[in-house]
Amino acid sequence: MTAARLSARELTLAYEDRTVVDRLDLAIPDGKVTVIVGPNACGKSTTLRALGRLLKPKSGAVLLDGETLAKLPTKKIAQQIGLLPQTPVAPEAITVADLVARGRQPHQHWWQQWSDADETAVTEAMERTDVAALAERAVDELSGGQRQRVWIAMALAQDTDLLLLDEPTTYLDISHQVEVLDLVRQLNHDRGRTVVVVLHDLNQAARYADHLVAMKSGEVVAEGAPSKIVTEQLVRDVFGLACVVVADPVTGSPLVVPGAPWSAAAPAPSSTPV
């Protein structure tokens, strides 16, 4: 079996003295969409940051093509891994076109600052994310949803084989959430890109993931195809939520239906453990 291009080996991540991820082993399947889920503060975004070398491991390593990520030149990593963090900040007054164009910096050289390939990549990225009409607008004048699509366009313009997205549907209404996740699937299908996405919505994760990773307290609790691992017991163990898991009527993927909502007419919960 061929080793995954991107993997973590006994990875421990910490913020000062607080350990967030402890000795984690993770292999990202090549050419697939991997979605990481879990409750707040479980370490999923921290893990994604480490996979993109935004966070230095306390111990262990992230490997890219068998080489320790920490030892690779920054430009080489940027040519292979595109990362959209959770709360990116744009330079003041920068236009949409200029921000998206910054995604091309890893591919440029001192003797050739801009090429036809750069122009094509930027144009396609803006068209795919439906921001071409905003090209001359200042990013800081846009709505939250528009800004998010511009940042995704920049990540797409980087044109990497590996794309890491930390909660890319934040600030988006439901129709744009679906558009973004459909775009992720299309990029994976059309170009064979390996994509890793952190999502809060377990049903969206189950619908769009080829490979699902469930984390809790800095550890991987389960991973595999959503149809294999999303069960009522897993949801209870990871999220502390009583639910029913049924088949999505559109995709057949697991659909998590929470238990009945609170009602004044409902009987008081029993004090006897179930």
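Just so you know, all these numbers are worked out from the coordinates, no wet-lab data involved. Quantities reported herein were computed from a predicted structural model and do not represent experimental measurements. With ideal geometry, Cβ positions are generated from the backbone for all residues, glycine too; neighbour counts draw on all protein chains shown.
Taking the alpha carbon gyration tensor of segment 109-199, what are the square roots of 5 times its eigenvalues, largest first, to the nearest whole Å?
22, 18, 11
Please compute the contact order of the chain in relative form: average sequence separation of alpha-carbon pairs under 8 Å and at least six residues apart, divided by the residue count, as a percent.
23 percent
Which residue fluctuates most in the GNM of the chain (Cα springs below 10 Å): 26, 162, 51?
Result for the chain, Cα springs under 10 Å: 26 fluctuates most.
Please state, rounded to one decimal and in Å, the Kirkwood hydrodynamic radius that segment 177-225 gives when every pair of distinct Cα atoms enters the mean of 1/r.
11.7 Å
Using a Debye calculation, one point per C-alpha and no hydration shell, please list log10 I(q)/I(0) for the chain at q = 0.11, 0.13 Å⁻¹ in order.
Scattering profile of the chain, log10 relative to I(0): -0.67, -0.91.
Divide by every residue of the chain the summed helix terms, -39500 (n - 2.57) for each DSSP H run of at least 4, and state the resulting mean residue ellipticity at 222 nm, rounded to the nearest 500 deg cm²/dmol.
Result for the chain: -9000 deg cm²/dmol, rounded to the nearest 500.
Cross-chain or 8 or more residues apart, Cα under 26 Å: how many lysine pairs in segment 6-229 fit that? Count them up, please.
Here the count comes out as 23.
Taking only the alpha-carbon positions of segment 20-78 and ignoring solvent, what does the Debye formula give for the base-10 log of I(q)/I(0) at q = 0.17, 0.23, 0.24 Å⁻¹?
Evaluating at q = 0.17, 0.23, 0.24 Å⁻¹ gives log10 I(q)/I(0) of -0.62, -1.10, -1.17.
Efficiency by 1/(1 + (r/R0)^6): what FRET value for residue 65 and residue 32, r their Cβ-Cβ distance, R0 = 22 Å, to the nearest 0.05?
With R0 = 22 Å, the Cβ-Cβ based efficiency is 0.85.
Based on a Kirkwood Rh over C-alpha pairs, give the Stokes-Einstein translational diffusion coefficient of segment 8-121 at 20 °C and viscosity 1.002 mPa s in µm²/s.
132 µm²/s
At residue 92 and residue 120, where each label point lies 7 Å from the Cα along Cα→Cβ, what is the point-to-point distance in nanometres?
It is 3.9 nm.
In nm, give the distance between the simple-model label positions of residue 178 and residue 221, each being 7 Å from the Cα along the Cα-to-Cβ direction.
Here the answer is 2.9 nm between the modelled labels.
Which FRET efficiency, nearest 0.05, do residue 185 and residue 18 yield, Cβ-Cβ r, R0 45 Å?
Step by step, r from the Cβ atoms, then E = 0.80.
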